[in-house]
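Engineer: Below: one structure in structure tokens.
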Amino acid sequence: MKVKVNDTELELAPGTSAIDAVFAAGYDVPYFCSQEYMSPIGACRMCLAKVGAPRQDRATGEWILDEETGEPKIFYFPTLMATCTTAIMEGMVIDTLSDEVRGAQNGMVEFTLINHPLDCPVCDKGGACELQDRAYEYGSGLSRFRFDKRHQEKHHALSELITLDRERCIHCKRCVRYFEEVPGDEVLDFIERGGHTYIGTLGEGLPSNFTGNITDICPVGALLDATSRFRGRNWEYDHTRTTGLDDASGSAIIVDARTGRIERIKAALNAEVNKSWIDDGTRFGHEYVDAEDRIKTPLVRKEGELVPVTWEEATGYVKAKLEGIADKELGIVLRADATLEEGVAAKALADHLQTGQLDHCPRPKASVLPEGDAARFTDLATADAIFVIGDVSEEVPAVDLRIKDALKGVSPPASLPHGVPIADLRLKERMPRKAGLLTVAAPYRVDLMRHAGRSVCYPVGGETAFLSALVKLATVEDELSEEEVAALGMPVDEGRALIERLAQAQNAVIVYGSFVLASPAARNAVIALAKAVKAKVMVMGPMANSYGLEAIGVMPSHARYSYQQMIRGGAKALILSGLDPAQDPSVAEALKDLELLVVHHHFANATTALADVVLPAKTGYEKDGTVVNLEGRYLPVRSAPVDGGQSEDFTGLVRYLGEALGVRLDGRSTRSAKRALNHLLAVDLRDLPDEGLLAKAKSRPLRRVSVKEQEAVSGNVLLVPSMVRPEFVSRNPQLRAAFGDVALCLHPDDADQMKLVGGERVRLSVDGTLRKATVRVSETVPQGIMLLPATPEQPVGLVSADLATLVKESSELEVA
Amino acid sequence: MIELETVKPFFTDKDELLDEILGRYPEYGRRSAIMPLLWEVQRAERHVSEARIEEIAEILGMHATEVKGVMSFYSTYHEQPVGEYHLQVCSTLSCSLAGADEMTDFLVEELGIVNGETDAEGRFSLQKVECLGSCGTAPVLQVNDTYFERVTRTRCVQLLQALRSGELPEPWRERGGDNVSAEKATLGGDDA
Amino acid sequence: MSVLDIAKGMGVTLGHLFKRPVTVRYPEQPVDVKPRFRGRHHLLRHPSGLEKCIGCSLCAAACPAYAIYVEAAENDPDDPVSPGERYASIYEINMLRCIFCGMCEEACPTGAIVLGHEFELADFVYQDFTYGKDDMLVGVMGSKWQRREATQKGRDVRVGLSSGPRPELEGVDY
């Protein structure tokens, strides 16, 4: 459609909003209430413009012409229109520059500021505030309002993480709409009316994994990140756009650091991946970076004590120790959120030392690489049938939000010259959701089930049987045996209906995560199911770069030990990066027998206490490199200016160790690692664009060596994925105050039987490791089983806990 | 929380009423029943407590916050029990210009309660509300469901006397022509 | 050159002998500076005793020499440091960097920072040129060195000028 904005004519698709036409033409109108990916509602009345269009004669269908010029006559709307809720029409004329429009905008700014407190100097939004900017651009700079402003609560804690200043609120309704439209829980609403309106919620806190996003979209300083309150002004922060390494989604984030400290994390826009939303784990999970016990210099054990030394001395010590160790006896293990560059460095080091004992952890027993058609996030958002096995809201929360996009049935908007449309007119408030297209299966009730048309709780630990039964339904005509029906966890008809729905869908997606990955048989079954119903698959790996590290083969080569075996006597020397296996006393005993234990970590922990050499590691916010998210998208990781002392990532470790060994290894620097990766994957990773790069890797993943590992079929504790990493929560009081402690979830009957009540802090030996947690009683948990968040050392799966070791602690939280 | 457990749900033995109300709306518009449900509770209990809000939210499959949002929009619904006579003073523009603020001050002084309060005997409640839609006859004072228009100081005193003696007088109706010139000493006019 | 000329010259000299000298006996005697002289900064307080500074960092933003560093924190409502929610927990000015231009004073929304008249800022250690809140809050006289000398010798701080911070800037309304 042809549209004329001021003096610029342009061609736009029908259905575009007038505000987007204005921006596409390179002009500007102010707005507060519109927001990318949310419904336009015209609440703030800032985007007023003079809008008109030619008219057709009803009878003849011809354009009514202006008698003087002979051109189609423009009929203007009788009043100024809010451009965000106006769709363009053929030949529409939009005027944003006339005095009339300017006057209206000026008036609206003045009106909006009537009740705004103007405490900008103490407001954390100051300097990045939309109202401030718009008041400068469009306001008159003067107010005629000489009366008392509205006074309301200045510091209302909406939750531990978010503060609400009710005086500053300008009633744009972004946060209210956000909760209803994006995570789908209408937990905030306007209370009262007129000038007394305020944002509020009934009940305590905000029950959602995505609450932090409202601080990003608030156009004023009403909703603020409580964890970064007063830490700095917006112009003082160094903003670093990078990729979040908290989960496998590869969500784009902006790390704001000041004087070497991370003060806050905000969501960045990546239309293909996370849009402009991130989960609370990614946003608030950074507190551990500035922990006081951060290791900042290399340490070497001398006469039983760890003594600070230089990197050269530490690596020299390692070199001397390595000389006596035969090739196969050395193991190198990375944490699975290490970058590709670190993976290459580890591989180069392993090759040079001729050890095949290389691994990453947590590495599920089954491959995290999708087989067959891999689904992208956009496939998920446009899918017409989705089958989820697992707890996406905790594993990879970004997937949860994209599934909810699919429920709305609105495909991702086309990009305009100025980027994502500001007002997508297809989106409405309270859209009906097509819950029927979503089926969720998990061993216990998960949050996404509230939004699913059909949900199934299959028996705990029964993934393989459950999926095999479904495969049988999809492929074989035979009736299911009684056992198989039991494994299905739902009536057979419903199972058939699910299969039918998936098979008939144009764009079906099966999403599976750690529960399935815990067993190769279950994974094979889900792949078979996907093939049978011609669905694409999305695999939620346990960590940020599980996909990438497996793809480049940071894994034990043939007939060598895996990580779990290495730490239990399979190696004589170990280099561990970012891991803490010594929490398990039996492993700690085994580690004591090592000839050399090098630990590359950020903090002192049980394993560093046993180490011969401790090397300071960079956190995910300080590294430069590349990760591969669960779609197979290469995403850039950039370093924020954080004071990490002499810490280095694994490429740095390999550089120093290479110097000590007298070799120049691949991956001794990010640059050399990128060169090696180009060779390995045929992808140029230099200067990756912000939105990442989807490229087919040249080399196929290495064949996984099948290490005989017993599949657990029984146990009383199910280790489950969690959005907030328990290894950080349990060691950081700030995080714990915000998110609550690591939770041990129980069924009420079990709790009664074990004489436990909610809120009690307990210690329990789970699979040999002593875990601390707070009891939470919930009906969603199946009877006879306890849920506990998994850690890298204790990956998702069914394990046994010795209930005799259960000890109640006097609650530290209460005392504090 | 204790209250929530002990209070008997309002709609438990009122299935017929519930069906009737919900039956007025199509299934996809179930949430529209929020107003009549709130009204039922309010009529029976003179206010809608948080427990009732949650109960209604559950019936309609909404979040309690949303119900509270709707409820607080209308000044006719109360979260706290109100007194026998609920005095609502319109405080929007027309009434404000015609002296509603002075009327409020007068009532505050007379009754000894401020905006949003109920007196100790549970007799009077005072509330400033948004536009009552009778701008032509400002200032307006609403007592329970009755409008008293063009309230002057004299009329206000008389009204209070009547209310104190326990009767709600018939409202004086003065729509149409401006025939109160003899009494143009409205409260605002007095002071001006 | 005549004797008369010499006498004339000597006369000028003689005349000056009886005039008031233009030199001052600094540092034995204090000096006065011009009213608008810009010297060391002072952080002012409200009459209630609360600090005027709210830690907004606008002075740091305005500073052309990047001499100011501010860290803010939340006031304890029971024991506030400044009015409102926010106060400066750290307020530092590096006097070596400062060019005494007075931009901080202009940027301050509460009139908390004022350039005073003290000019004797010489010291011995680089670190001592970083003035914190304790060194600048109104009531504290003298440079770090002057105060150190005073404690060592057990006498009052001796400052080489007679006036305090610029009086017209105290009690700025906001």
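Engineer: Give me the helices (runs of 4 or more DSSP H) completely within region B:1-83, filtered to those with at least 3 residues that are away from every other protein chain (no Cβ under 12 Å), ordered by residue number. Before you say what the answer is, go through the steps one by one.
Structural biologist: Details: elements: B:2-6, B:15-23, B:34-45, B:50-60, B:64-73.
Answer list for region B:1-83: B:2-6, B:15-23, B:34-45, B:50-60.
Engineer: Go through A:Ala21, A:Ala59, A:Ala43, A:Ala87 for me and flag whichever is among the aliphatic types (A, V, I, L, M) and over 23 Å from A:Val410 (Cα atoms). Explain how you work it out, then say what you get.
Structural biologist: Numbers: A:Ala21 fails: over 23 Å from A:Val410 (Cα atoms); A:Ala43 fails: over 23 Å from A:Val410 (Cα atoms); A:Ala87 fails: over 23 Å from A:Val410 (Cα atoms).
Going through A:Ala21, A:Ala59, A:Ala43, A:Ala87 in turn, just one is among the aliphatic types (A, V, I, L, M) and over 23 Å from A:Val410 (Cα atoms): A:Ala59.
Engineer: Sticking with this structure for a sec: So which residues in region A:352-388 are acidic (Asp, Glu) and either in contact with a Lys or Arg (Cβ under 6 Å, 6 or more places away or on another chain) or modelled with pLDDT under 90 (or both), if there are any at all?
Structural biologist: If the condition is that a residue be acidic (Asp, Glu) and either in contact with a Lys or Arg (Cβ under 6 Å, 6 or more places away or on another chain) or modelled with pLDDT under 90 (or both), then A:Glu371, A:Asp373, A:Asp379 are the ones that fit.
Engineer: Count, please, the residues in region A:552-604 that happen to be assigned to a loop (DSSP other than H, G, I, E, B) and polar (S, T, N, Q).
Structural biologist: Filtering region A:552-604 for residues assigned to a loop (DSSP other than H, G, I, E, B) gives A:552-562, A:571-572, A:578-580, A:584, A:593-595, A:602, A:604.
Pick out the ones that are also polar (S, T, N, Q) and you get A:557, A:562.
Of the residues in region A:552-604, 2 are assigned to a loop (DSSP other than H, G, I, E, B) and polar (S, T, N, Q).
Engineer: Let me ask something additional. Condition first: buried (at least 23 other Cβ atoms within 10 Å of the Cβ) and assigned to a helix (DSSP H, G or I). Now tell me which residues in region A:631-655 satisfy that.
Structural biologist: Passing the criteria: A:Phe650, A:Thr651, A:Gly652, A:Leu653, A:Val654.
Engineer: Out of A:Leu610, A:Leu594, I need the residue that is farther than 30 Å from A:Asp687 by Cα, without any contact (Cβ under 8 Å) to a residue 24 or more places away in the chain, in contact with a strand residue (DSSP E or B) (Cβ under 8 Å, 6 or more places away or on another chain) and surrounded by fewer than 23 Cβ atoms within 10 Å (Cβ to Cβ). Which one?
Structural biologist: On the way: A:Leu610 fails: without any contact (Cβ under 8 Å) to a residue 24 or more places away in the chain.
From the options A:Leu610, A:Leu594, the qualifying one is A:Leu594.
Engineer: Here's a follow-up. Looking at (1) modelled with pLDDT of 95 or more; (2) within 14 Å of chain C (Cβ to nearest Cβ), which one does A:Ser228 not meet, given that it meets all the others?
Structural biologist: Every condition holds for A:Ser228 apart from (1).
Engineer: Sticking with this structure for a sec: Given the criterion part of a strand (DSSP E or B) and in contact (Cβ under 8 Å) with a residue 24 or more places away in the chain, identify the matching residue among A:Asp359, A:Asp379, A:Asp337.
Structural biologist: On the way: A:Asp379 fails: part of a strand (DSSP E or B); A:Asp337 fails: part of a strand (DSSP E or B).
Only one candidate passes the filter, namely A:Asp359.
Engineer: Mind checking which residues of region A:111-133 are away from chain C (no Cβ under 14 Å) and either part of a helix (DSSP H, G or I) or within 16 Å of A:Leu223 (Cβ to Cβ) (or both)? Lay out the reasoning, then the answer.
Structural biologist: Within region A:111-133, the first condition is being away from chain C (no Cβ under 14 Å), and the residues that meet it are A:111-116, A:130-131, A:133.
The answer is A:Phe111, A:Thr112, A:Leu113, A:Ile114, A:His116, A:Glu130, A:Leu131, A:Asp133.
Engineer: Taking C:Ala61 and the conditions (1) touching a residue at least 40 places away in the same chain (Cβ under 8 Å); (2) of a type in the set (Gly, Ala, Ser); (3) more than 20 Å from A:Ala257 (Cα to Cα), which numbered condition does it fall short on, given that it satisfies the others?
Structural biologist: All conditions pass for C:Ala61, except number (3).
Engineer: Need a quick list: strands (runs of 3 or more DSSP E) entirely within region C:1-102 having at least 2 residues that are modelled with pLDDT of 90 or more and within 14 Å of another protein chain (Cβ to nearest Cβ). Don't jump to the end; show me each part of the working.
Structural biologist: Working: elements: C:41-43, C:68-74, C:86-94.
Counting at least 2 such residues, we get C:68-74, C:86-94.
Engineer: Another question about this same structure. Output the residues belonging to region A:16-71 that are under 30 Å from A:Cys129 (Cα atoms) and in contact with a Gly (Cβ under 6 Å, 6 or more places away or on another chain).
Structural biologist: Kept after step one, since they are under 30 Å from A:Cys129 (Cα atoms), are these residues of region A:16-71: A:16-51.
Within region A:16-71, none qualify.
Engineer: May I ask you to say which residue of C:Gly102, C:Gly49, C:Gly84, C:Gly9 is within 17 Å of C:Asp134 (Cα to Cα) and small (Gly, Ala, Ser)?
Structural biologist: Numbers: C:Gly102 fails: within 17 Å of C:Asp134 (Cα to Cα); C:Gly84 fails: within 17 Å of C:Asp134 (Cα to Cα); C:Gly9 fails: within 17 Å of C:Asp134 (Cα to Cα).
Going through C:Gly102, C:Gly49, C:Gly84, C:Gly9 in turn, just one is within 17 Å of C:Asp134 (Cα to Cα) and small (Gly, Ala, Ser): C:Gly49.
Engineer: What are the residues in region A:759-777 that are surrounded by fewer than 21 Cβ atoms within 10 Å (Cβ to Cβ), of a type in the set (D, E, K, R) and out of contact with any Cys (no Cβ under 9 Å at 6 or more places or on another chain), if any?
Structural biologist: Those that are surrounded by fewer than 21 Cβ atoms within 10 Å (Cβ to Cβ), of a type in the set (D, E, K, R) and out of contact with any Cys (no Cβ under 9 Å at 6 or more places or on another chain): A:Glu760, A:Arg761, A:Arg763, A:Asp767, A:Lys772.
Engineer: For region A:191-205, give me each residue that is more than 9 Å from every other protein chain (Cβ to nearest Cβ) and surrounded by fewer than 18 Cβ atoms within 10 Å (Cβ to Cβ).
Structural biologist: Answer for region A:191-205, where residues must be more than 9 Å from every other protein chain (Cβ to nearest Cβ) and surrounded by fewer than 18 Cβ atoms within 10 Å (Cβ to Cβ): A:Glu204, A:Gly205.
Conditions tested, residue by residue: (1) modelled with pLDDT under 90; (2) touching a strand residue (DSSP E or B) at 6+ places or on another chain (Cβ under 8 Å); (3) not assigned by TED's automatic domain parsing to the domain that holds A:His196.
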residue: A:Arg144; (1), (2), (3): yes, no, yes
residue: A:Arg166; (1), (2), (3): no, yes, no
residue: A:Ile170; (1), (2), (3): no, no, no
residue: A:Arg174; (1), (2), (3): no, no, no
residue: A:Phe179; (1), (2), (3): no, no, no
residue: A:Pro183; (1), (2), (3): no, no, no
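Engineer: Between residues in region A:107-135 that are without any contact (Cβ under 8 Å) to a residue 24 or more places away in the chain and residues that are hydroxyl-bearing (Ser, Thr, Tyr), which pairs lie under 8 Å by C-beta distance while being six or more apart or on different chains?
Structural biologist: Within 8 Å, the pairs are A:Pro121/C:Thr110.
Engineer: Filter region C:83-105 down to residues that are crowded, with 21+ Cβ neighbours inside 10 Å and more than 17 Å from C:Phe119 (Cα to Cα), then give me how many there are.
Structural biologist: Qualifying residue count, region C:83-105: 6.
Engineer: So, one more: Tell me yes or no: at least one residue of region A:276-295 is in contact with a helix residue (DSSP H, G or I) (Cβ under 9 Å, 6 or more places away or on another chain), away from chain C (no Cβ under 14 Å) and farther than 22 Å from A:Phe728 by Cα.
Structural biologist: yes
Engineer: Suppose the filter is among the basic types (Lys, Arg), farther than 30 Å from B:Val140 by Cβ, surrounded by 13 or more Cβ atoms within 10 Å (Cβ to Cβ) and in contact with a helix residue (DSSP H, G or I) (Cβ under 6 Å, 6 or more places away or on another chain); does B:Arg31 pass it?
Structural biologist: Numbers: among the basic types (Lys, Arg): yes; farther than 30 Å from B:Val140 by Cβ: yes; surrounded by 13 or more Cβ atoms within 10 Å (Cβ to Cβ): yes; in contact with a helix residue (DSSP H, G or I) (Cβ under 6 Å, 6 or more places away or on another chain): yes.
Answer is yes for this residue.
Engineer: Being under 14 Å from C:Leu96 (Cβ atoms) and touching a residue at least 40 places away in the same chain (Cβ under 8 Å) is the filter here; which residues of region C:120-141 pass it?
Structural biologist: Passing the criteria: C:Leu121, C:Tyr131.
Engineer: Just name the residue that is modelled with the lowest pLDDT out of those in region B:93-116 that are loosely packed, with under 15 Cβ neighbours inside 10 Å and not aliphatic (A, V, I, L, M).
Structural biologist: Among those residues, the one meeting the criterion is B:Gly116.
Engineer: Quick one: A:Pro432 ticks every box in (1) in contact (Cβ under 8 Å) with a residue 24 or more places away in the chain; (2) in a loop (DSSP other than H, G, I, E, B) except a single one, so which number is it?
Structural biologist: (1)
Engineer: Of the residues in region A:159-188, how many are in a helix (DSSP H, G or I) and more than 14 Å from chain B (Cβ to nearest Cβ)? Working first, answer last.
Structural biologist: Pass one, region A:159-188, residues in a helix (DSSP H, G or I): A:174-181.
Now drop any that are not more than 14 Å from chain B (Cβ to nearest Cβ), which leaves A:174.
Final tally of qualifying residues: 1.
Engineer: Let me ask something else about it. Within region A:64-95, count every residue that is under 16 Å from A:Ser34 (Cβ atoms) and outside any loop (DSSP other than H, G, I, E, B).
Structural biologist: So the answer is 7.
Engineer: Look through region A:235-259, keep the residues that are of a type in the set (Ser, Thr, Tyr) and more than 14 Å from chain C (Cβ to nearest Cβ), and return whichever of them is surrounded by the fewest Cβ atoms within 10 Å (Cβ to Cβ). Give the steps one after another, and end with the answer.
Structural biologist: Residues of region A:235-259 of a type in the set (Ser, Thr, Tyr): A:237, A:240, A:242-243, A:249, A:251, A:259.
Narrowing the set further to residues that are more than 14 Å from chain C (Cβ to nearest Cβ) leaves A:240, A:242-243, A:249, A:251.
Working: A:Thr240: 20, A:Thr242: 25, A:Thr243: 31, A:Ser249: 30, A:Ser251: 29.
Going through the qualifying residues, I end up with A:Thr240.
Engineer: Do the conditions hold for A:Thr215, that is, is it more than 14 Å from every other protein chain (Cβ to nearest Cβ), among the polar types (S, T, N, Q) and within 30 Å of A:Ala375 (Cα to Cα)?
Structural biologist: No: the conditions fail for A:Thr215.
The values are calculated or read from the model by the stated rules, or taken from the named source; none is laboratory data. Predicted, not measured: the structure shown is a model, and the values here were computed from it. With ideal geometry, Cβ positions are generated from the backbone for all residues, glycine too; neighbour counts draw on all protein chains shown.
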